[in-house]
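The values are calculated or read from the model by the stated rules, or taken from the named source; none is laboratory data. In this text, all values refer to a predicted model and were calculated from it rather than measured experimentally. Cβ placement follows ideal geometry from the backbone for every residue including glycine, while neighbour counts extend to all protein chains displayed. Heavy atoms of the whole protein, side chains included, go into the accessibility calculation; ligands, DNA and RNA do not. Shrake-Rupley method; radii C 1.70, N 1.55, O 1.52, S 1.80 Å.
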Amino acid sequence: MPTDKDDMADDNGRKLEETRRRFKEQYMLDKSDKYDSRDVERLQKDDYWVESFLLWRHNVVDDALKMIDDSFQWRKEFAVGDLNESTIPKWCFETGAVFLHGYDKEGNKLFWFRVKLHLRDAKTHIEKKKCVAFWLERYAKREPGKAVTVVFDMGESGLSNVDMDFVRFIINCFKVYYPRYLSKMVIFEMPWIMNAAFKIVKSWLGPEAVNMLKFANKSEVQEYISSEYLPPHMGGSDPFKYSYPPLPDDDFQTPMCENGPIVSEDDVETKDEVECEVRDGVGFNQSDEQLLKPKKVNCTDEFAKHEECEKADSKAKPSKKALTTFKGSLLHISPAEELHFGSKVSGERKCLILLTNVTKNPVAFKVRTTAPEKYRVKPSNSSCEPGTSMDIVVSLHGGFAASPQDRFLVMAAEMDQSSGTGSQELSQFWKEVPRNLVMEHRLQCHVVGSSKPASLLLKENVNSPAKTNEDIYFKMTQLLEMNKRLEEQIHYCVWLQQLLFALVALLIAIIFVAYVL
């Protein structure tokens, strides 16, 4: 029997088709020259885009159609589909008044407006609006459907910095042009003289969106944004300082240390043990040479070995969550979505990204992070031969702790067989490769407490008590390892005692013989 969920899905499907059909019949005939053909084509193919307009208008098709019409005309007028860094005046980027950087506590991207750097000027208001549209379109293409938090930093600003027309444009961007992209608006240290102005802003937002406005001062802003993504003047510790060029690449930066972490002797285990642990998601300890050595992959052998590892471990430990894999066009990446690090209590500070080349050519890759001061990635810029896999070690540096707002970006591009894979060749390759040929995949950090995550972890040490079956298993593994070392020490002590006993007996014999003689 059909369920309510099935009925809802059918109703949504009908609304989608009705919206597309009526837009074509009622709007395309008279206004086709006012739309960008790329937007019209996308409307017919992208269900999520249509759903965004419908949901923003409470599934009222007439209202959604009006919104689509307004949005498409604006996109054509501003040439949004063709906006890029070269079409925006350089001074728009140099001022640093608008940029993307960091995340709020819910993991939403922060869209910053430094109000004190904005001055009302009728001659430049179009360029400023296009700059905002550039940033929004850039983000929407890279993170489709993921909301942003707008931060109006009004510190040290005055009446000359407040441009109500510009503010209204920003609000319209989220009300009409980019529906469902706004998480909230954080207004930092708004001067009291602006109270009347922001009453008007509330009316523009409408009653349903007023609760998205969050007014905060220095002591309140950390309710929404953690200190690591707040600049010092807002009470935070973020060392980031906007500069141009280049543009912040969505905060993904090459790690400061290309050589990666140093693995201690305690991290060394046999290759077979490591392979089993990698594939069942338990964790691994291995020397640097083993970690960086490419491994030839045979799919049949790989799955057979994986099954053998699972069967061998099934009696010794509780069942584990299956390792997820992102199957990209160039690389398969494990884990697919999250890198699991421990909290300061549990102490898990290392994990692994497994890359597998599924093409017939070498694939160059780079691993970037939003927090290069925290993490060491080894290797962060290299290549993977056809049919081989590469282990990428990610470790926390020094006394830093992982955060759910931290992100990693894996970039990959296919190379010619004749291309060199040295550092200079790779550097030149990344300068020349077209952006549309680069595969990108994002990973986020997941911080766990006392329980051991089912991901690829390099174990260092666990201080918290075991509370789950997985904790018990890892505690047992740790105890068995300690027991093994103690046994070796005991055997060594016994050997020393036996040797000492023999020497003492020999000494007594010598003394006895000398006394007799």
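Side notes on the structure shown:
- Count of residues meeting criterion [among the hydrophobic types (A, V, I, L, M, F, W, C), part of a loop (DSSP other than H, G, I, E, B) and out of contact with any Pro (no Cβ under 9 Å at 6 or more places or on another chain)] in the stretch 392-419: 3
- Checklist (1) small (Gly, Ala, Ser); (2) under 28 Å from residue 406 (Cα atoms); (3) open to solvent by 60 Å² or more (accessible area, probe 1.4 Å) applied to residue 122, failing item: (2)
- Inside the stretch 377-406, residues that are within 30 Å of residue 105 (Cβ to Cβ) and either open to solvent by less than 30 Å² (accessible area, probe 1.4 Å) or of a type in the set (S, T, N, Q) (or both) make up a count of 11.
- Residue match in the stretch 196-204 (condition: in contact (Cβ under 8 Å) with a residue 60 or more places away in the chain and surrounded by fewer than 20 Cβ atoms within 10 Å (Cβ to Cβ)): no
- Test: residue in the stretch 363-375 that is open to solvent by 30 Å² or more (accessible area, probe 1.4 Å), within 26 Å of residue 106 (Cβ to Cβ) and outside any loop (DSSP other than H, G, I, E, B): yes
- Residue 208 at pLDDT 70 or above, of a type in the set (D, E, K, R) and open to solvent by 60 Å² or more (accessible area, probe 1.4 Å): no
- Within the stretch 157-166, the only residue that satisfies the criterion of being touching a helix residue (DSSP H, G or I) at 6+ places or on another chain (Cβ under 6 Å) and either within 20 Å of residue 102 (Cβ to Cβ) or in a helix (DSSP H, G or I) (or both) is 161.
- Only residues that are open to solvent by less than 30 Å² (accessible area, probe 1.4 Å), among the charged types (D, E, K, R) and not in a helix (DSSP H, G or I) were counted in the stretch 125-154, giving 2.
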